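Chemist: Quick one: this structure, given as C-alpha cells, is what I'll be asking you about.
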Amino acid sequence: MAFCAAIATAVLVGACGSGMPGNAVVQIGNATITRAELVHWLTVANDSPQVQSNTKAQPLPLPPDYTACVAAQQATSQIHSAGQTATFRSTCASQYQSLLTQVLDYLITSYWAQGEAYDRHIHVTAAEIEKAYQQERKLANPPLATEGQLKAFLAASGQTVGDLKWRTMVILLINKIQLQIQNAHKHVSAAQIGAYYRKNKAAYTVPETRDLHLVLTSTAAAAQKAYSLLKGGQTYAAVAPKYSVDATKSAGGAMAGVTATTLTPELSAKVFAARVGVLTGPVKTAFGYYIFTVDRVTPARVESLAKATPSIRSTLSTSQVQAAEAALQTQIQKTWQARTSCRAGYVVSDCAGQSSGATGASGA
C-alpha cells in the first residue's frame, strides 16, 4: 500500500502542513489514510469470516445507500417492502459503523507506533521484516507455508503480501519499543533492594512450625479413653485409627509442618504452648476433643537479604517496567492523538479532541 512507504517519514513531521488532502479521511502529521486505503482495509475486516470460519462474507456495507449489503439481505428475506428495506439499510449502517471504528483504530494506532519508533531512533531493516514474515508464514493458522496456501489466504482475506509485511513491520517496531523500555527500566540498585527488604521483612520470615500426632474424638468420654491408652504406652498408630475422627487417622494421627494458622485458634494456642514429647488434652473445640503430642519444633527464621535478593530484584524490575510501559501508553496517546486529524464522518476516539472511548464515525 502506498501509505506504508509514506508513513516511515511523513508521519514523523508532527503538525499538519497545508491541510488535509481531499482524498484523505485521516491525517497524522503529514501522512494520510485515503478513502481508497480505508475501503481496502474495511474489505479486509469484512472478509475475515472467509478466513476464520471458511464462511463467505456478506458484501461490504458502504454508505450512503449500502446497496450491495441491502440487496444481499433482501435476497434471503421473504418480505419485500419499503419498511423492510429501511430496516436492512439500518442494519447495514450499523455494520459499517462497527467496521469503520475497528479499522480506523487499527490503522491510526499502527501509524502512532511507527511515529513513536522513529522518535526513539528505532528502525527495522528489510531483512528483519522478511525473516519475521517467513517465520509467521510457517506458524500461521491456517497454514501459509506453501505458495498455494498463501494465494488462497490472500484471496479469502482481501490482503496482499505487502499488507502482511507492513503488519509484520509494525509488530517488529512495537516489540523493539517494548524492549527499549524494558532495558531502560529493568535495572534495580542494591539500595532499592535493601529498602524493599526492610519494608517487607515480614514476608521473608518463615514462621515456627511443629510436627505432632493427634487424635480427634466426638465425645469427651472417647477422648478420655484415647488419652488413657496413650498415657499407658500405646502408640498413636494403634489409637488413632480406632478412636480418631480426624482425616489424619489413616496416617496414625501424624501432622508435619503445622503453623499457627493451620489449626483452629483454640487448638493452635495449646499446640504452640506445649512442650515437646508431652501428651496434652483433651482440648475442646467446635470440632470435638483433641489429644496431641508435639514431636518436633522448627523455630521461626528470617530469610537473609542475600538469599532474598534475586526474588526482590525480579519483583522490582517487573514493577518498574510495567510502570514505564503504562506511562508510555499514556504518553503515546497524548502525543500522537494531538497530531491526528480526522475528517467529519470518520471521527473515532483516537482523533484529536476526542476523549478515550468516544466515537463519532458515520458514513459521510
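The values are calculated or read from the model by the stated rules, or taken from the named source; none is laboratory data. Please read all numbers here as calculations on a predicted model, not as lab measurements. Because the Cβ atoms are built from the backbone with ideal geometry, glycine has one as well, and the counts that use them run over all protein chains shown.
Chemist: Which of the following residues is out of contact with any Pro (no Cβ under 8 Å at 6 or more places or on another chain), loosely packed, with under 14 Cβ neighbours inside 10 Å and under 30 Å from Ser189 (Cα atoms): Thr309, Thr315, Thr330? Don't jump to the end; show me each part of the working.
Modeler: Values: Thr309 fails: loosely packed, with under 14 Cβ neighbours inside 10 Å; Thr315 fails: loosely packed, with under 14 Cβ neighbours inside 10 Å.
Result of the check over Thr309, Thr315, Thr330: Thr330.
Chemist: Inspect the stretch 8-24 for any residue being outside any loop (DSSP other than H, G, I, E, B), at pLDDT 95 or above and within 30 Å of Ala338 (Cα to Cα) and give the result as yes or no.
Modeler: Taking the stretch 8-24 first, the residues outside any loop (DSSP other than H, G, I, E, B) are 8-13, 24.
Subsequent filtering for residues that are at pLDDT 95 or above retains 24.
Still in the running and within 30 Å of Ala338 (Cα to Cα): 24.
There is at least one residue in the stretch 8-24 that is outside any loop (DSSP other than H, G, I, E, B), at pLDDT 95 or above and within 30 Å of Ala338 (Cα to Cα).
Chemist: Has the stretch 328-338 got at least one residue that is touching a strand residue (DSSP E or B) at 6+ places or on another chain (Cβ under 9 Å), closer than 30 Å to Gln178 by Cα and assigned by TED's automatic domain parsing to the domain that holds Pro64?
Modeler: Yes: the stretch 328-338 contains one or more residues that are touching a strand residue (DSSP E or B) at 6+ places or on another chain (Cβ under 9 Å), closer than 30 Å to Gln178 by Cα and assigned by TED's automatic domain parsing to the domain that holds Pro64.
Chemist: Still on this structure, I have one more. Determine the pairs where a residue that is under 14 Å from Gln114 (Cβ atoms), located within the stretch 21-43, has a partner that is buried (at least 22 other Cβ atoms within 10 Å of the Cβ) and of a type in the set (Phe, Trp, Tyr) with Cβ atoms under 6 Å apart, the partner being 6 or more residues away or on another chain.
Modeler: What qualifies is Ile28/Tyr111.
Chemist: Continuing with the same structure: Can you tell me which of (1) part of a helix (DSSP H, G or I); (2) over 27 Å from Leu60 (Cα atoms); (3) at pLDDT 95 or above; (4) not polar (S, T, N, Q) is the one Lys138 doesn't meet?
Modeler: Going through (1) part of a helix (DSSP H, G or I); (2) over 27 Å from Leu60 (Cα atoms); (3) at pLDDT 95 or above; (4) not polar (S, T, N, Q) one by one, Lys138 breaks only (3).
Chemist: Ok, one more. Take the residues in the stretch 101-135 that are part of a loop (DSSP other than H, G, I, E, B) and more than 27 Å from the chain's Cα centre (by Cα); name whichever of them is surrounded by the most Cβ atoms within 10 Å (Cβ to Cβ). Working first, answer last.
Modeler: If we filter the stretch 101-135 for residues that are part of a loop (DSSP other than H, G, I, E, B), which is where we start, we get 120-125.
With the extra rule that they be more than 27 Å from the chain's Cα centre (by Cα), the set shrinks to 121, 125.
Numbers: His121: 7, Thr125: 10.
This residue is Thr125.
Chemist: Which of the residues belonging to the stretch 68-90 are surrounded by 15 or more Cβ atoms within 10 Å (Cβ to Cβ) and under 13 Å from Gln58 (Cβ atoms)?
Modeler: Cys69, Val70, Ala72, Gln73, Phe88
Chemist: Still on this structure: Suppose the filter is within 18 Å of Leu212 (Cα to Cα) and of a type in the set (Phe, Trp, Tyr); does Tyr346 pass it? Lay out the reasoning, then the answer.
Modeler: Numbers: within 18 Å of Leu212 (Cα to Cα): no; of a type in the set (Phe, Trp, Tyr): yes.
For Tyr346, the condition - within 18 Å of Leu212 (Cα to Cα) and of a type in the set (Phe, Trp, Tyr) - is not met.
Yes/no matrix, rows are residues, columns are (1) in contact with a Phe, Trp or Tyr (Cβ under 7 Å, 6 or more places away or on another chain); (2) modelled with pLDDT under 95; (3) closer than 30 Å to Pro299 by Cα:
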| residue | (1), (2), (3) |
| --- | --- |
| Asp105 | no, no, no |
| Pro142 | yes, yes, no |
| Thr160 | no, no, no |
| Thr168 | yes, no, no |
